[in-house]
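**Q** First the structure, which I've put down as structure tokens, then a few questions once you've had a look.
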Amino acid sequence: MITSPPRITTGRSWPRSRMVPRSWVGLPAGRFARLIGIALLAAAPLAAQPQSRTPIKTGVDATFAPHAMPKLGGGLEGFNIDLGNEIARRLGRPIEIEGTQFSGLVPGLNAGKYDFILAPTTLTAERAKAMLFTEGYLDTDYLFVQKKAAKPIESLEDTKGLTISVNKGSAYESWAKANAGKYGFKYDIYDTNADAVQAVISGRADANLAGNTVSQWAAKQNNQVKTSYRIKTGLVWAIPFRNDDVAGRNQVSMAIKCMKSDGTLARLHENWFGEKPAADSSTATLAPGHGHPGANGYDATPVTPKC
């Protein structure tokens, strides 16, 4: 049995200041070896340790205001850019956000190019079979925009006799086409939603129908218009991961829960959309477990936010 630890040498006398502590002298060999191992591990260079600061890699459609858009001076800004930066801050990691076409995001995720998709992604039953989602962070509904002085639309029956402007090829065009006969309104189609809003301002249309966040952004940017009736879809935007990345999904899920709990997500909502989120919205309510209740991949095990 070794009763006193040998000196560690490198081919020359070891400096006295680097000798092992006196308290280690006389320890049994096994105990001494464990202490030496711990000391060497603690002294190992950071490069040899796990890289917790590895950048998060993700992507957005950089033309979808106010969620992601170019900013003066370079870079991107928007609700989802702030959301991604806040998630990264809470996870203690840097983030790299690539602006690209939405059609390339899911293939990029599946190829391992992205850790998750930061662009607003509607959680549908079909998508939930192919990807693993966090809980919702925004409701995705339809919302009318009207002139400030116009009588507000308070029900779909109020659209009778009105002309509604919609963006070409959008879900709102499809909804208008399917419901015009039922509710008695006419609809005009425009190449962009900005043109459809301008039609309201110029008096060529009585109301514009678009997504709730885009409509709220339009009203925030232009004091000539206001939002009115909201068509609830029951759908949410959530962050998708690869199906096998349960740990990654749960980490980001926890960050979102904490952002809801401390009001950060509500403040981002008000900053970008000009309105506080409804108390029963997905922006303000926490799912009991990880993922979105009712969606494939939801883990119903109760979760206590650790912030």
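**Q** Using +1 at the C-beta of Lys and Arg and -1 at the C-beta of Asp and Glu, which of PRO288, CYS307, ALA247 has the Cα lying farthest in the positive direction of the dipole of region 240-307?
**A** CYS307
**Q** Going by average Cβ density within 10 Å per residue, which order do the peptides 97-103, 250-256 take, highest to lowest?
**A** 250-256, 97-103
**Q** Apply the a/c threshold of 1.5 to the C-alpha gyration tensor of region 227-294 and tell me whether it is rounded, prolate or oblate.
**A** Here region 227-294 falls in the prolate category.
**Q** Quick check for me: using +1 on Lys/Arg Cβ and -1 on Asp/Glu Cβ, what's the dipole size of region 96-220 about its Cα centre, in debye to the nearest 20?
**A** I would put it at about 420 debye.
**Q** Please turn the phi angles of region 96-101 into ³J(HN,Hα) values with the Karplus equation 6.51 cos²θ - 1.76 cosθ + 1.60 (θ = phi - 60°), one per residue in order, whole Hz, x for glycine and proline.
**A** 10, 10, 9, x, 7, 6
**Q** Each residue of region 159-170 in turn: what ³J(HN,Hα) in whole Hz from Karplus with 6.51, -1.76, 1.60 and θ = phi - 60°, glycine and Pro shown as x?
**A** Per-residue couplings from phi come out as 7, 4, x, 8, 10, 10, 9, 9, 7, 4, x, 8 Hz.
**Q** Could I ask something else about it? Taking amide H positions as placed in the peptide plane 1.01 Å from N, state which residues far from ASP188 in sequence (5 or more) or on other chains have amide H under 5 Å from it.
**A** ILE164, SER165, VAL166
**Q** Taking H placed 1.01 Å from N in the peptide plane, check which residues at least 5 places from THR233 or on another chain put their amide H under 5 Å from its amide H.
**A** Correct list: TYR142.
**Q** Between ALA119 and residues 5 or more places away or on another chain, which pairs have amide H atoms under 5 Å apart, with H built 1.01 Å from N, and which residues are they?
**A** GLY59, ASP61
**Q** Quick check on region 94-237: take the gyration tensor over C-alpha atoms, sort the square-rooted eigenvalues as a ≥ b ≥ c, and tell me if it's rounded (a/c under 1.5), prolate or oblate.
**A** It comes out prolate by the Cα gyration axes.
**Q** Which order do the peptides 115-122, 284-291 take when ranked by the mean count of other beta-carbon atoms within 10 Å per residue, highest first?
**A** Output ranking for 115-122, 284-291: 115-122, 284-291.
**Q** For region 102-107, in order, what is each residue's ³J(HN,Hα) by Karplus, 6.51 cos²θ - 1.76 cosθ + 1.60 with θ = phi - 60°, in whole Hz (x at glycine and Pro)?
**A** 4, 4, x, 6, 5, x
**Q** I would also like to ask the following. How far apart, in nm, are the 7 Å Cα→Cβ label points at SER174 and ALA150?
**A** Going by the 7 Å Cα→Cβ label model, 2.4 nm.
**Q** Using only the Cα atoms of region 158-210, build the gyration tensor, take square roots of its eigenvalues as a ≥ b ≥ c, and label the shape rounded, prolate or oblate: rounded if a/c is under 1.5, else prolate if a/b is larger than b/c, else oblate.
**A** Cα axes put region 158-210 in the oblate bin.
Every number in this text was worked out from the coordinates using simple rules, so none of it is lab data. Since we're looking at a predicted model, the values are computed, not measured. Cβ atoms come from the backbone with ideal geometry, glycine included; neighbour counts cover every protein chain shown.
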